[in-house]
Amino acid sequence: MGIDLADTKQMVVVTDHDSKVLARRTFRCRAWDLGTALDWAAQRASTAGHTAITVACEPTGHRWRVLGQLAADRGMPFVCVQPAMTSWSRRAEDLIHDKTDEKDAVLIARLTAQLRCYIPEPVDEVWGRLRHLGARREQLIVDMVSQIQQIRALLECVWPAALDTARQPFRSRTWTAALSVICDRDHGELARTRRLGPARFEQVVRREITRRGGQKPSLRIVRNLFTALEDPRGVIAHRVGALERVHLLLADWAEDQRRLADTETRMLLVSRRVAADRFGHLHRRSLRDRSRGDPGRDR
């Protein structure tokens, strides 16, 4: 049974082992209502003389998980076909410009009959939670990298001297704290911060680092940034707007760092719980083997 999944239109075909189409039908329903389609496909396969049916689809989006649950509830084997494999098969059959739901469903069923598919991982509550946390962690990292690249590009345009004040500015708490202070105070007018003087600027940066959970700033970076306030390079006409964006990006970056730390903490707790359960199972089995007098299994 090959299914081309979509939002409200599901194309279903039933084929034999030689990819001969036994039945085909379009179901106008959501993924959670595909139980009727599975029952219909099983009935068509039985009519054709087959005792069992394998459900196959592409693992795109979230609908394939719904289909896997429905198949498991009915005791049907469930496999997935990689979309890249379907694309290559369509190209091999010269169907690139004739992509339809019906033909894609036939290709999925044909690839399954050829065993060019795989069995997805079993559904498990603990590992499912870990997978979702891992997906969130990946998205946060992507967002943070994007924010860093935007900040770098903006500073290279309107205030390039700021990037030369630290060897690795985006890994320096002092640099990010001092830049936040400058963007928050000046709104693009660097002369206001210059009027503070080096000593008062250092005190303001020190308070900002303490607020962020740090201890003390790197005085070299603080002094370099204060000196860079007098650098005239950059597109001055865009400095006000660009530094405002930098200030907003720094706030987003700090919030995503907090979210990333929280997500990694949750993942660590789940991993520790899995390890503790596994260790407890092994320990109980070892005690049971000792009580049975089986030193070989104990070792």
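Points worth noting:
- Using alpha-carbon coordinates, inclination of helix 125-158 to the longest axis of the chain, degrees: 40 degrees
- Relative contact order of the chain, pairs being alpha-carbon contacts under 8 Å that are 6 or more residues apart, as %: 15 percent
- Inter-centroid distance (Cα atoms) of the stretch 117-186 relative to the stretch 203-229, Å: 21 Å
- More than 19 Å apart - percent of Cα-Cα pairs taken over the stretch 129-242: 49 percent
- Fraction of alpha-carbon pairs over 16 Å apart in the stretch 1-84 - percent: 46 percent
- Across all C-alpha atoms in the chain, the radius of gyration and Dmax reach 30.0, 89 Å.
- Neighbours of ASP16, meaning other residues whose beta-carbon lies under 14 angstrom from its beta-carbon, give a summed charge of +3 when Lys and Arg score +1 and Asp and Glu score -1.
- Rolling a 1.4 Å probe over the protein chains gives MET267 an accessible area of about 40 Å².
- Computed over protein heavy atoms with a 1.4 Å probe, the carbon and sulfur contribution to the accessible area of the chain reaches 50%.
- The residue among CYS183, LEU155, ALA237 whose Cα reaches farthest toward the positive pole of the charge dipole of the chain, with charges on the beta-carbon of Lys, Arg, Asp and Glu, is CYS183.
- Only helices enter this figure: runs of n ≥ 4 DSSP H residues, each worth -39500 (n - 2.57), summed and divided by the residues of the chain, yield -20000 deg cm²/dmol at 222 nm to the nearest 500.
- Inter-probe distance in nm under a simple model that places probes 7 Å from Cα toward Cβ, at ASP33 and GLU189: 6.2 nm
- Lysine pair count for the chain with Cα-Cα distance under 30 Å and sequence separation of 8 or more or different chains is 5.
- Solvent-accessible area per residue in the stretch 157-252 equals 57 Å², computed with a 1.4 angstrom probe and all protein chains kept.
- Rg followed by Dmax, in Å, when the stretch 1-154 is reduced to its Cα trace: 18.3, 68
- Ranking ALA48, SER89, LEU67 by Cα position along the charge dipole of the stretch 23-93, where only Lys, Arg, Asp and Glu carry charges on their C-beta atoms, puts SER89 farthest toward the positive end.
- Calculated from backbone phi, Karplus (6.51, -1.76, 1.60) coupling profile of the stretch 40-49 in Hz, x at Gly/Pro: 5, 5, 4, 5, 5, 5, 5, 4, 7, x
The values are calculated or read from the model by the stated rules, or taken from the named source; none is laboratory data. Note that the structure is predicted; figures quoted are calculated from it, not measured. Every residue, glycine as well, gets a Cβ built from its backbone with ideal geometry; the counts of neighbours run over all protein chains shown. The protein model used for the area step is the full one, side chains on, heavy atoms only, and it has no ligands, DNA or RNA in it. Shrake-Rupley method; radii C 1.70, N 1.55, O 1.52, S 1.80 Å.
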